[in-house]
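This report concerns only the one structure given below.
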Amino acid sequence: MKYNWQQPDWPDFKYDASAVSGVLFTFAEKAGNVGGILKSLPTDIQSDAMIDLMVMEAIKTSEIEGEYFSRSDVMSSIRHNLGLDSGASPTADRRAKGIADLMVDVRHSHTEPLSEKKLFQWHGMLFGEQSRTINIGLWRTHEEPMQVISGPVGKRKVHFEAPPSDKIPEEMTQFINWFNNTAPQKKHVIKNPVIRSALAHNYFESIHPFEDGNGRIGRAISEKALSQGLGRPVLLSLSETIEKNKKNYYKALQNAQKSNEITDWIIYFSNIVLNAQTRTEENIEFILKKTKFFDRYKKQLNNRHLKIIHRMLAAGVDGFEGGMSAKKYVAITKTSTATATRDLKYLSEIGALKQIGGGRSTRYEISLEN
């Protein structure tokens with residue numbers, strides 16, 4: 001079987017843009033609405049929305065690759081990087097710091113042309129301060145094939161094989177030139193940012209130029225393409241949407257790497273972007289509700305209450321899994337069962353929490369509605 005890069009029309013991607021015209025129109029409309037809503041909000045709420053989405057993207061783009069970070073570590077690193085917690089010490093988790101640095105740099109450098117130097121910098125952010133046996137900030141050079149495989153030893157299935165290492169410098173020069181020449185105001189501009197983002201992701205992942213980190217950097221390139229097309233840093237988390245069903249993501253990507261006719265990939269990716277934008281609207285509404293919540297109850301909450309509420313709100317739009325119980329309250333606050341029960345009853349009485357169920361199955365959820 002020949003993969004896309006082995007075929008004579010590589011990388012002349014073909015697709016039917018009309019197949020996603022409705023999705024692209026809806027995305028443009030939603031992106032405009034989100035931009036308008038943000039501009040109308042106070043600066044601190046705009047900042048909270050931006051940081052929350054950057055944290056989510058950093059966590060989820062890592063989880064797709066099987067790496068799990070503390071939300072507080074990533075949050076701390078992003079805030080420190082943005083100069084919002086200048087007095088605080090950076091997190092000790094260097095991996096969390098690396099993905100946070102990448103997220104911030106992608107946002108700050110979205111107007112710049114893509115370059116080999118920038119891609120090496122991003123790779124260094126991900127792996128530069130870790131003890132690894134891979135080439136950091138360099139293209140892969142190993143002689144063995146770069147393959148995407150699954151299954152146990154002896155029964156492994158090869159889903160995709162990328163170009164050999166000796167072809168990577170030439171392939172990446174071609175990719176970087178393509179990316180920059182298709183940017184807004186350039187000679188071969190691809191006007192729709194979603195289509196350009198989809199093409200860029202498939203193109204980069206097909207080359208797979210690094211020994212590790214290709215998925216995370218590929219998604220960062222997709223974000224850069226969207227931001228350039230919108231003329232501002234895009235505010236959404238692609239990876240949160242992808243991670244919810246990453247089997248479909250890998251399947252769609254593998255199918256796209258069998259041919260250079262990639263209409264199905266464009267359809268898949270466009271829907272991912274649209275769903276991510278819808279999720280952004282939900283997140284902004286959630287952040288607004290959080291702000292109003294604390295305005296209502298700030299004078300009625302002690303440190304224990306705040307610790308619990310912040311922990312529950314950290315779960316985001318989907319809510320704190322399983323709800324808050326007295327047992328969880330004790331574990332988080334290190335208080336007694338009696339105090340936990342009393343606190344939960346009090347928070348329910350003032351309307352900050354709402355009780356779900358009763359008896360031993362009593363649980364509480366945040367009540368963000370006034």
Report task. State whether the residues of the range 303-311 include one that is hydrophobic (A, V, I, L, M, F, W, C), crowded, with 17+ Cβ neighbours inside 10 Å and touching a strand residue (DSSP E or B) at 6+ places or on another chain (Cβ under 9 Å). Result -> yes
Requested in this report: Only residues that are touching a helix residue (DSSP H, G or I) at 6+ places or on another chain (Cβ under 6 Å) and loosely packed, with under 10 Cβ neighbours inside 10 Å: list them for the range 142-160, please.
Outcome: none
**Report entry** Some residue of the range 203-217 being buried (at least 22 other Cβ atoms within 10 Å of the Cβ), without any contact (Cβ under 8 Å) to a residue 60 or more places away in the chain and closer than 20 Å to Asn260 by Cα
**Finding:** yes
Query raised in the report: For the range 151-182, what are the residues that are without any contact (Cβ under 8 Å) to a residue 40 or more places away in the chain and either among the basic types (Lys, Arg) or over 20 Å from Asn4 (Cα atoms) (or both)?
Result: Gly151, Pro152, Val153, Gly154, Lys155, Arg156, Lys157, Lys167, Asn181, Thr182
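Specify which of the listed residues (Asn275, Asn255) is closer than 23 Å to Phe320 by Cα, in the same structural domain as Asp9 (by TED's automatic domain parsing) and free of Cβ contacts under 8 Å to residues at least 40 places away in the same chain. Break it down into steps so the answer makes sense when it comes.
On the way: Asn255 fails: closer than 23 Å to Phe320 by Cα.
Every option except Asn275 fails the conditions.
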Report task. Out of the residues in the range 63-86 that are assigned to a helix (DSSP H, G or I) and charged (D, E, K, R), state the one that is farthest from Lys246 (Cα to Cα). Result -> Arg79
Query raised in the report: Which of (1) part of a loop (DSSP other than H, G, I, E, B); (2) under 28 Å from Tyr68 (Cα atoms); (3) in contact with a His (Cβ under 9 Å, 6 or more places away or on another chain) does Val153 not meet, given it meets every other one?
Result: (3)
**Report entry** Options Asp52, Asp48, Asp12; residue that is more than 25 Å from Leu274 (Cα to Cα) and out of contact with any Asp or Glu (no Cβ under 7 Å at 6 or more places or on another chain)
**Finding:** Asp12
Query raised in the report: Is one or more of the residues making up the range 348-357 of a type in the set (Lys, Arg) and more than 30 Å from Met54 (Cα to Cα)?
Result: no
Query - Residue match in the range 328-345 (condition: basic (Lys, Arg), without any contact (Cβ under 8 Å) to a residue 40 or more places away in the chain and within 30 Å of Val34 (Cβ to Cβ)) - result: no
Query raised in the report: Quick one: would you say Asn248 is farther than 15 Å from Phe27 by Cα and in contact with an Asp or Glu (Cβ under 9 Å, 6 or more places away or on another chain)?
Result: no
Query raised in the report: What number of residues within the range 347-370 are at pLDDT below 90 and either aliphatic (A, V, I, L, M) or more than 31 Å from the chain's Cα centre (by Cα) (or both)?
Result: 5
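The values are calculated or read from the model by the stated rules, or taken from the named source; none is laboratory data. Model, not experiment: these values are computed from the prediction. Glycine also receives a Cβ, built like all others from the backbone with ideal geometry; neighbour counts cover every protein chain displayed.
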